[in-house]
Amino acid sequence: MTSYGLSKTRTTARIPLRGGVSQLHKQAVLNRIRPAPLAEKSSQTATISHVQSPPYTQLHLGLFEIGKALGKGKFGRVYLARHWGSGYICALKVLNKDEIAREEAEKHVRREIEVHSNLRHPGVLGFYGWFHDSRRIFLILEYAAGGELYRVLQSVGRFSERRAAKYIAQVALSLDYLHGKNVMHRDMKPENILLGLHGELKLADFGYSVHSPSNRRETLCGTLDYLPPEMLQSRKESYTRAVDQWTLGVLTYEFLTGKAPFEDSLPMTRTRILKRDMKPLPSFISPEAKDFVDTLLVLEPSKRLPIKDVLHHPWIVKNTILSN
Ligand code: N15
């Protein structure tokens, strides 16, 4: 048994389990640890007759027990953490203010908090709150108990078509949610996908390498494998949310084969993406799966299968139907 660096004095009985009641519990916990609203102090808003909402608690590091490191990145680390008051388990991302200032990334961090705090979807890694002290900024994030999808894929080599299709359907739902909020993900890859306690996918974005070291081929600017052709042509901001449809195609290919479709030396990967010079899918892959990848990996962004249509594609329908 690993303790993950968290003390055993408190049992795990308070960690919410699956189901309706626990959802309520989770909500209660989240409400309690949400940061104080900036404008209205001590609001007197009675919600149900005489029941008054509890006072907001100012967040600070002392409210959390810190456990093992989950990942390391440019501006700091992510730790397993437990909210003392409720026993709620979360991931605490610690960003170093000095390093952010040195990289002139204040705007970037602000934007990350602003965007993430407006998202709430089971397929998108949760954001619960943030606080800071003189040296650091702390983001309270959902803990994904199943770990990194990238590691799972690496350990099994490739996924069955059924498993791949179920994952892709989940990613498509999450992307559709993000697009509805006018958020493009832009950096989907197995490294940026986490798994929940029950194996469900959680889209995340670790930015510049906020994840544990991996032996994946990486360069200073990351891997090119997932970049759509229009982003390689570097006409800044000339691309649309259709970039996520391309990367969904790359992701499908990688789930099915264990390898990205344009994997090659750095300059060759670039050339291959621009020409859509894809390594053919192996013969054991079904025609429906091939068609699915083909309709997403289309050079012209406007001709890619729309995210909303992904869930109706025969390959997805066939593999996500409940009975078989
Ligand atoms: C728009 C949205 C998709 C942005 C989401 N923002 C982030 O993803 C920022 N971020 C999240 N940066 C780091 C993390 C992060 C959260 C990293 C790791 C974990 C995390 N929650 N849970 C983990 C986690 N669980 C693990 C279980 C086993 C092994 C490693 C694990 N890491």
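The values are calculated or read from the model by the stated rules, or taken from the named source; none is laboratory data. The structure displayed is predicted, hence computed values, not measured ones. As a convention, Cβ positions derive from the backbone with ideal geometry for all residues, glycine included, and neighbour counts pool all protein chains shown.
Listed values, structure above:
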quantity	calculated
Qualifying residue in the stretch 108-115 (condition: surrounded by 14 or more Cβ atoms within 10 Å (Cβ to Cβ) and closer than 22 Å to residue 66 by Cα)	yes
Selection status of residue 186, outside the structural domain of residue 93 (by TED's automatic domain parsing) and either at pLDDT below 95 or of a type in the set (A, V, I, L, M, F, W, C) (or both)	yes
Residues of the stretch 169-207 satisfying the condition of being touching a residue at least 12 places away in the same chain (Cβ under 8 Å), assigned to a loop (DSSP other than H, G, I, E, B) and not aliphatic (A, V, I, L, M)	181, 185, 186, 187, 189, 196, 198, 199, 200, 205, 206, 207
Residues of the stretch 82-115 satisfying the condition of being within 13 Å of residue 129 (Cβ to Cβ) and near the ligand (Cβ under 10 Å from one of its atoms)	90, 91, 92, 93, 113
Among residues of the stretch 296-312, those that are more than 24 Å from the chain's Cα centre (by Cα) and either crowded, with 17+ Cβ neighbours inside 10 Å or not assigned by TED's automatic domain parsing to the domain that holds residue 180 (or both), counted	1
Matching option when the condition is under 16 Å from residue 205 (Cβ atoms) and either touching a Phe, Trp or Tyr at 6+ places or on another chain (Cβ under 8 Å) or buried (at least 21 other Cβ atoms within 10 Å of the Cβ) (or both), among 92, 153, 70, 59	70
Positions within the stretch 144-192 being over 24 Å from residue 114 (Cα atoms), of a type in the set (Val, Ile, Thr) and within 13 Å of the ligand (Cβ to nearest atom), in sequence order	152
Selection count where residues are away from the ligand (no atom under 13 Å from the Cβ), loosely packed, with under 13 Cβ neighbours inside 10 Å and free of Cβ contacts under 8 Å to residues at least 40 places away in the same chain, scope the stretch 116-143	2
